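What follows is a structure written as structure tokens; I'll ask about it next.
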Amino acid sequence: MQNSSRLKIGVVCYPTFGGSGVVATELGKALAETGRYCVHFITYDQPSRLDLLSNSVFYHKVDIQTYPLFRYPPYELALASKMVNVVKYEKLDLLHVHYAIPHASAAFMAKQILASEGRHIPVVTTLHGTDITLVGKDPSYAPVVAFSIEQSDIVTAVSASLRDETYDTFGVKKEIHVVPNFIDLERFKKQKKEHFKRAICPNGEKLLVHTSNFRKVKRVDDVVAVFERVREKIPAKLLLVGDGPERRRLEQYCQEKGLFEDVRFLGEIEAIEEVLSVADVFVMPSAKESFGLAALEAMACEVPVIASNTGGLPELIEQGISGFMSQVEDVEDMAKNALFILDDANLPTFKTQALRRAKEFEVAHILPQYEDLYHLALKK
């Protein structure tokens, strides 16, 4: 470790709107804000939530060169080389890589290169979800994922469910520490947006909201199916936030079913907290969720959640208190539970309980867990 009063950490992540990139960026920012860390982000593009107007946060772009010889540019090699460069010239103390593929394997390669030069760099790997539950299971990647996990100095997972699935899938012996995702309650809080609510729900309709990347695993069809059943009983509107491969087909379905006056597709929105501030219920019927960060963001904005009881969601949502969970595909039960929450006699209590639960995942509660693991890694 360097003699500098601030620990220098390299954060490797995807710079996209996806959960792992958001968590990595928010964690890095929170670390920098303590004044105890300098954080160096290493990725192919600037993370979407990263503000570089700080003397504690830095961004290092991974350049990906294309050559006629390569059908696909070798990003993993470029990333490993960049990690080596940043560790050496910025004198990093530790690398924290988010998402196993290809970040953990690239970190192992960088670590070996540095070791050959007499430099030791501890590596912390955080598993987020589809790097284990979907992509990582592919026979093309599984041996590398398992090896990279075993070779990391410290491994974390965002839920006990993901930890257990990692053990079951890969048979690794490495201890995996559960550190849940977290929420910035300064950003994610209910805002006064009554004018927005009136514009969407001019007649006092109840408002359901869903956000995702519109992949099949998110089961956005079920969101619409739940909404249709709720709409049969009470006046309601639905906002669908995000974009992805399922969007066009769902837009066509809503047009054919005459739902377009009550269903709005908003696309990707950076200030999602503004939309959540006017929602009454958040719907997350996913086939798989390793944690459910979008649900936590909704709860922080005082929005109770209707969800499937899969993956890490039961570790976040308190059944019948901050929301309800149903079996995957059971849209009838989800609609019934949504109507119960939306009853004016019940909704205020559910909103209060959702916020109370979200406060348990405030960044101030989670950050020390990562700090303890960093110091553990530095002793290895």
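Have a look at Glu76, Glu90 and point out the one that is within 20 Å of Arg119 (Cα to Cα) and in contact (Cβ under 8 Å) with a residue 12 or more places away in the chain.
So the residue among Glu76, Glu90 that is within 20 Å of Arg119 (Cα to Cα) and in contact (Cβ under 8 Å) with a residue 12 or more places away in the chain is Glu90.
With crowded, with 16+ Cβ neighbours inside 10 Å, in contact with a Phe, Trp or Tyr (Cβ under 7 Å, 6 or more places away or on another chain) and part of a strand (DSSP E or B) as the only criterion, which of Val155, Val124 stands out?
Exactly one residue qualifies, and that residue is Val124.
Still on this model: Got a sec? Which of Ile154, Ile113, Ile132, Ile121 is at pLDDT below 95 and either within 19 Å of Leu378 (Cα to Cα) or in contact with an Asp or Glu (Cβ under 8 Å, 6 or more places away or on another chain) (or both)?
So the residue among Ile154, Ile113, Ile132, Ile121 that is at pLDDT below 95 and either within 19 Å of Leu378 (Cα to Cα) or in contact with an Asp or Glu (Cβ under 8 Å, 6 or more places away or on another chain) (or both) is Ile132.
Would you tally the residues in the range 187-234 being over 18 Å from the mean Cα position of the chain (by Cα), among the small types (Gly, Ala, Ser) and either closer than 20 Å to Cys254 by Cα or buried (at least 23 other Cβ atoms within 10 Å of the Cβ) (or both)?
1
Considering Ala335, Ala358, Ala377, Ala354, which residue is in a helix (DSSP H, G or I) and more than 26 Å from His210 (Cα to Cα)?
Only one candidate qualifies: Ala377.
Condition (residue is surrounded by 15 or more Cβ atoms within 10 Å (Cβ to Cβ), outside any helix (DSSP H, G or I) and out of contact with any His (no Cβ under 7 Å at 6 or more places or on another chain)) applied to the range 363-370: is it met by at least one residue?
Within the range 363-370 (the criterion being surrounded by 15 or more Cβ atoms within 10 Å (Cβ to Cβ), outside any helix (DSSP H, G or I) and out of contact with any His (no Cβ under 7 Å at 6 or more places or on another chain)), the answer is no, since none of the residues qualifies.
State yes or no: is Tyr37 in contact with a helix residue (DSSP H, G or I) (Cβ under 6 Å, 6 or more places away or on another chain) and farther than 28 Å from Asp243 by Cβ?
Taking the combined requirement at face value, the residue satisfies it.
Search the range 164-176 for residues being in a helix (DSSP H, G or I) and either among the acidic types (Asp, Glu) or free of Cβ contacts under 8 Å to residues at least 24 places away in the same chain (or both), and hand back the single one that is surrounded by the fewest Cβ atoms within 10 Å (Cβ to Cβ).
Asp168
Can you pull out every residue in the range 93-119 that is surrounded by fewer than 24 Cβ atoms within 10 Å (Cβ to Cβ) and either among the aromatic types (Phe, Trp, Tyr) or in contact with a strand residue (DSSP E or B) (Cβ under 8 Å, 6 or more places away or on another chain) (or both)?
Listed by number, the residues that qualify are Asp93, Leu94, Phe108, Lys111.
Shifting gears a bit: Which of the following residues is on the phi < 0 side of the Ramachandran plot and crowded, with 20+ Cβ neighbours inside 10 Å: Thr25, Thr16?
Thr25
Let me ask another. Scan the range 270-285 residue by residue and report those that are surrounded by fewer than 24 Cβ atoms within 10 Å (Cβ to Cβ), under 15 Å from the mean Cα position of the chain (by Cα) and within 24 Å of Lys216 (Cβ to Cβ).
Residue satisfying the conditions is Ile272 alone.
Just for the range 307-330: of the residues that are surrounded by fewer than 22 Cβ atoms within 10 Å (Cβ to Cβ) and aliphatic (A, V, I, L, M), which one is nearest to Ala287 (Cα to Cα)?
Within the range 307-330, the match that is nearest to Ala287 (Cα to Cα) is Val328.
Shifting gears a bit: Do we have any residue at all in the range 69-81 that's farther than 26 Å from Asp184 by Cα and crowded, with 22+ Cβ neighbours inside 10 Å?
Within the range 69-81, one or more residues are farther than 26 Å from Asp184 by Cα and crowded, with 22+ Cβ neighbours inside 10 Å.
Can I ask one more? Residue under question is Ser161, and the condition is that it be closer than 26 Å to Leu95 by Cα and either surrounded by fewer than 18 Cβ atoms within 10 Å (Cβ to Cβ) or in contact with a Ser or Thr (Cβ under 6 Å, 6 or more places away or on another chain) (or both); does it hold?
no
For residues that are at pLDDT below 80 and loosely packed, with under 13 Cβ neighbours inside 10 Å, scanning just the range 41-57, find the one that is nearest to the chain's Cα centre (by Cα).
Asp51
Find all pairs meeting these conditions: Cβ atoms under 8 angstrom apart; at least six residues apart or on different chains; first residue within the range 334-347 and in the same structural domain as Asn309 (by TED's automatic domain parsing); second residue among the aromatic types (Phe, Trp, Tyr) and assigned to a helix (DSSP H, G or I).
Filtered contacts from the range 334-347: Ile341/Phe350; Asn346/Phe340.
Given the condition under 24 Å from Leu313 (Cα atoms) and of a type in the set (Val, Ile, Thr), answer yes or no: does some residue in the range 180-201 qualify?
Checking the range 180-201: at least one residue is under 24 Å from Leu313 (Cα atoms) and of a type in the set (Val, Ile, Thr).
For the range 177-210, what are the residues that are at pLDDT below 95 and assigned to a strand (DSSP E or B)?
Ile183
The values are calculated or read from the model by the stated rules, or taken from the named source; none is laboratory data. In this text the structure is predicted, and so the values were computed from the model without any measurement. So basically every Cβ, Gly included, is an ideal-geometry build from the backbone, and we count neighbours across all protein chains shown.
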